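Participant: Dropping the structure in here first, questions after.
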Amino acid sequence: MSYTFKEMTKEAAVIISQWEYPSPYNFYNMDPDEEGLAELMNGDYFCVTDGTGHIAGFFCFGLSARVPGGYAAGFYTDEQRLDIGLGMNPALTGQGLGSEFVQEGLKWLQRQHGQSTFRLVVASFNERARRVYAENGFVPRGTVFSKINGEEVEFLYMEADLSRFDVESAF
């Protein structure tokens, strides 16, 4: 599948904010209120569409990809790594599409930012995402609890150095 990455639009932000993931992934559901839309429109988020133009997901980078508890844990001291986050349309999850989605996003981020070292955090319970990240070169480095929507959630911190990969080739 081919993906296109473009700046987040208000229309795309509204659609993404209304996605509903099944339990236990409903942790990732967003608030479709003005605050939630403002975050998606803050310049750190990019919409990803598939070959038919449907929204397949999003990628974000920088401060928007961080969790508050990661600061105290020292996860964000290495400024050489690009913090990333992503979300896939819930209609597409669980179908074996995640690895290619992540690969395409990493290649796009490498081209856009000239960056090949990344870090991310993922809810520890999310085995599917952890497996996809590991398949794409991410290595676990630690865990931290961070308060999300008033709830303490354990996150796994992962890093990847993809400098050995050609941006245009598959990982």
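Participant: Give region 96-110 a look and list any residue that's within 12 Å of Val132 (Cα to Cα) and either of a type in the set (Phe, Trp, Tyr) or in a loop (DSSP other than H, G, I, E, B) (or both), or say none.
Facilitator: Gly96, Leu97, Phe101
Participant: Determine whether region 79-89 contains at least one residue that is open to solvent by 30 Å² or more (accessible area, probe 1.4 Å), more than 16 Å from Phe27 (Cα to Cα), in contact with a Leu (Cβ under 7 Å, 6 or more places away or on another chain) and touching a residue at least 24 places away in the same chain (Cβ under 8 Å).
Facilitator: no
Participant: Only residues that are of a type outside the set (Val, Ile, Thr), open to solvent by less than 60 Å² (accessible area, probe 1.4 Å) and in a helix (DSSP H, G or I): list them for region 121-166, please.
Facilitator: Ala129, Tyr133, Ala134
Participant: Do we find that Val14 is farther than 22 Å from Arg141 by Cβ and in a strand (DSSP E or B) in this structure?
Facilitator: no
Participant: Same structure, new question: Within region 6-27, how many residues are crowded, with 16+ Cβ neighbours inside 10 Å and either touching a residue at least 60 places away in the same chain (Cβ under 8 Å) or more than 16 Å from Pro90 (Cα to Cα) (or both)?
Facilitator: Within region 6-27, residues that are crowded, with 16+ Cβ neighbours inside 10 Å and either touching a residue at least 60 places away in the same chain (Cβ under 8 Å) or more than 16 Å from Pro90 (Cα to Cα) (or both) number 5.
The values are calculated or read from the model by the stated rules, or taken from the named source; none is laboratory data. The shown structure was predicted, so the numbers you read here are calculated from the model rather than taken from an experiment. Please note: Cβ atoms are built from the backbone with ideal geometry, for glycine as well, and neighbour counts cover all protein chains shown. Remember, those area values only see protein heavy atoms, side chains included, never the ligands or the DNA or RNA. Shrake-Rupley method; radii C 1.70, N 1.55, O 1.52, S 1.80 Å.
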